[in-house]
Amino acid sequence: MKRRTFLALSSVAALYLAARYMRSGGGMGMMSGGGMMGGGSSSLPPGGIKIKDLPIPALLKPVERNGVQHYDLQIQRAEHDFFKDMMTKTFAINGTYLGPTLLMKNGDHVSVNYQNRLGELITMHGHGMHLPSRMDGTVHQPIQDGENWSAVYMVKQRACTNWYHPHTLNNTAEQVYKGLAGLIIIEDEESRRLDLPKRYGIDDIPLVLQDRLFAHGQIDYSPSMPQRMHGYVGDIPLANGAIEPTLDVEAKEIRFRILNGSNASIYELGFSDERSFHQIATDNAFLEYPVKITEVTLSPAERAEIVIDLTKDYGRSLVLRDRRSGKQFLTIRITKMATAQTLLPQKLTTLEKPLVSQAQYRRRFVLSGMMGRFTINGKGMDPDRIDEHVPLNRLEIWEVENNMMIDHNFHIHATHFIPIARNGSMENLAENERGYKDVILVPANETVSFLVKMTDYADVRIPYMYHCHFLEHEDAGMMGQFIVS
Ligand code: C2O
Ligand code: CU
Ligand code: CU
């Protein structure tokens, strides 16, 4: 009898969801509300959406061989059940959409072994990882179809949430869109010691947020010229590869490790009851203190770890949503009694923050473009050209100016940076931006500056990249290369 009620409810919910996403003329006669510039709308298969619990990506603990921690990843074609009664063709890592979460410890010697069984060329990049340029997984480390490549390095950075994804020249956007991405969790002494939720999948929840367009149940990557300009934005929200799933949690503090894994959407994330929560980490490290907010803005590739206190919410439910588009990513139901306690620490860490006055050099990057081509300092990406030479251990200010009417962001490989100003003033930086980052939003006609220091891995031959992480822009040339020496 319980089951009957559940079935009835879920088919109502499926119809409701289908009605929200169905293209007019598709039968339900309703359009989705996400009419952002550059957005499109999906047509859904007749069976509608599959009602699901939030999938938790498998936690891939390494296998040790001769003191090296090995992670074996197979990049392959697969089929995934986004919808009822039909399968969707995807790209995937080990499973059927996205990939497992790699658990690493600071100080580990690791080997991330990629086997390319996709049927096309890829490269695989460890986003946020502090590693040698020859292990960076860019255009300079191609993996042909049928071949294997390993990123071998020592983990030498603070606890944080990073990710891995393709970085294939001019073809990153489509490969990510079809499902290639996964999280990397780095632990260190501090993260183990702090009284934070850390039971993976129970109170420490990985959350890869994306949006997609579908045509008849298949992933539709077919950007028009305006969609290449504005970025390819879809109307169907995905959380860990599921459409508007549900998560049942304990009535306690819950930590989310959120990645904006979309190609080109900026999300302003908050909860349906407008409650406040704390951000505890930016891209590459804990913040020094938890920062209390009601909304966190993430541009593509940015991460935020947040802690939300659900101690007094037993029996309630709330929705995690994007305020910009109205997308509802996840329904959280507080249906379980707490089986452990945590208490958010007042102080999380101490960050090494050099003074702006100690900077010895300044670089400028101007983001620009027209007619579907994008440039940095007037140049489109050329793998045979080195754009910048950065000496080891010199503190530099990098200033990034967006002179277009559309938003961009800026990502650097090799290390983190520390934001110091927006539009020339430190006051314009949000409190939760004052930490270690590797991607930062640079809105239309604005300027951002940050401090960087390359501390390791000089290599006069193989460069790292910097680029806009709106993947359509990256693929259309908004990327440059630097040598550390
Ligand atoms: Cu997330 Cu150059 O990459
Ligand atoms: Cu990167
Ligand atoms: Cu861009």
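Just a few scattered comments:
- Residue 433 crowded, with 17+ Cβ neighbours inside 10 Å and more than 16 Å from ligand 1 (Cβ to nearest atom): yes
- Verdict on residue 476 being among the small types (Gly, Ala, Ser) and away from ligand 3 (no atom under 16 Å from the Cβ): no
- Residue check for residue 333: assigned to a strand (DSSP E or B), among the basic types (Lys, Arg), modelled with pLDDT of 95 or more and under 12 Å from the mean Cα position of the chain (by Cα): no
- Inter-residue pairs, beta-carbon under 8 Å, first free of Cβ contacts under 8 Å to residues at least 60 places away in the same chain and in region 372-399, second small (Gly, Ala, Ser) and outside any loop (DSSP other than H, G, I, E, B), 6+ apart: 378/368; 397/449; 398/449; 399/449
- If you go through region 455-485 and keep only what is more than 14 Å from ligand 2 (Cβ to nearest atom), hydrophobic (A, V, I, L, M, F, W, C) and in contact with a Ser or Thr (Cβ under 6 Å, 6 or more places away or on another chain), you end up with 458, 460, 462.
- Scanning region 144-181 for residues that are within 20 Å of residue 381 (Cα to Cα) and surrounded by 21 or more Cβ atoms within 10 Å (Cβ to Cβ) yields 165, 166, 167, 168, 172, 173, 174, 175, 176.
- Test: residue 168 is within 17 Å of residue 261 (Cβ to Cβ), out of contact with any Phe, Trp or Tyr (no Cβ under 7 Å at 6 or more places or on another chain) and within 16 Å of ligand 3 (Cβ to nearest atom): no
- Flag if residue 85 is among the acidic types (Asp, Glu) and crowded, with 22+ Cβ neighbours inside 10 Å: no
- Flag if residue 116 is free of Cβ contacts under 8 Å to residues at least 40 places away in the same chain and over 22 Å from residue 413 (Cα atoms): no
- Each residue in region 455-478 was checked for being surrounded by fewer than 20 Cβ atoms within 10 Å (Cβ to Cβ) and of a type outside the set (Ser, Thr, Tyr), and 6 of them qualify.
The values are calculated or read from the model by the stated rules, or taken from the named source; none is laboratory data. This structure is a prediction, so every number in the text was calculated from the model and none was measured. Glycine gets a Cβ as well: all are built from the backbone with ideal geometry, and neighbour counts include every protein chain shown.
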